[in-house]
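For reference, the structure discussed in these notes is given below.
What follows draws every value from the coordinates through simple rules; no lab data is involved. Keep in mind it's a predicted model, so treat the numbers as computed, not measured. All Cβ positions, glycine included, derive from the backbone under ideal geometry; neighbour counts span all protein chains shown.
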Amino acid sequence: MFKQNTRLATRLARASVPTVPQIAPLRTRGFSSRGPKTLVTSVQTNEAYAPIKAAGQVWLSGQIPADAEGNLIKGSITEQTEIIIKNTEAILKASGTGLERVVKVVVYVRNADIMPEFASVYDVAFPHRPARSMVEVSKLPAGVDIQADFIAVV
C-alpha cells in the first residue's frame with residue numbers, strides 16, 4: 001500500500017501544472033515574497049474600509065445600508081438594498097469600474113425570508129447575473145439586517 005501511494009505521489013509531482021503569469025507589482029501589501037507578485041493598491045475614499053484593487057479586480061468590504069454621512073437606513077429591505085447598491089456603484093466608479101463589471105456578490109442577512117424583496121432590487125441592478133451567495137447569520141455590524149460584499153473586474 002505504501003509503495004502504491006509513493007508511486008502515485010511521484011506521478012502527480014511529475015505532472016505538468018499550469019503556471020500563473022507574474023504581474024509586476026506597483027505596490028504589494030501583506031504577501032509573501034515566495035509566490036507570484038500581485039498588484040495591490042487601496043482606492044482612496046473617505047470610507048473606513050477602502051476597496052482594494054488587486055490583479056485587475058476590485059474587492060469591496062461588506063457594504064451596509066448607510067447614507068454618505070454614515071447614518072443607518074432603517075427602511076424596508078427594498079430601501080436598504082437600494083442604498084447598498086447606490087453606495088457600491090459610487091465606490092466602484094471611483095475604483096475605475098462599475099456595477100456591470102461585478103462578478104461575485106456575497107449577501108449576509110439576518111433572515112433569509114427577505115430574499116424575494118432583496119431580489120426585486122438586486123436583479124434589476126445586476127441583469128448580467130454575477131455569481132451570488134446568500135448567507136443567513138445571527139448578527140451583523142451595527143445591528144443591520146443586510147450586508148453585501150462585492151468583487152468586480154476593472
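Observations
- Theoretical gain in end-to-end length, residue 74 to residue 132 [0.36 nm per residue, Cα-Cα removed]: 18.5 nm
- For segment 65-154, the relative contact order is 38 percent, taking Cα pairs closer than 8 Å that sit 6 or more residues apart in sequence and dividing their mean separation by the residue count.
- If you take all other residues with their beta carbon under 14 Å from the beta carbon of residue 117, and give Lys and Arg +1 and Asp and Glu -1, the sum is -4.
- 3J(HN,Hα) couplings calculated from phi for segment 129-144 with the Karplus curve 6.51 cos²θ - 1.76 cosθ + 1.60 (θ = phi - 60°) are, in sequence order, 6, x, 4, 9, 10, 10, 10, 8, 10, 7, 8, 10, x, 6, x, 6 Hz; Gly and Pro show x.
- When each of the peptides 68-78, 54-64 is scored by the mean number of other C-beta atoms lying within 10 Å of its residues, the order from highest to lowest reads 54-64, 68-78.
- A simple packing score, the average count of other Cβ atoms within 10 Å per residue, orders the peptides 126-132, 82-88 as 82-88, 126-132, with the highest score first.
- Modelled spin-label separation between residue 123 and residue 154, with each label point placed 7 Å from Cα along the Cα-to-Cβ direction: 3.4 nm.
- In this structure the amide hydrogen of residue 57, modeled in the peptide plane, comes within under 5 Å of the amide hydrogens of 154, none closer than 5 places in sequence on its chain.
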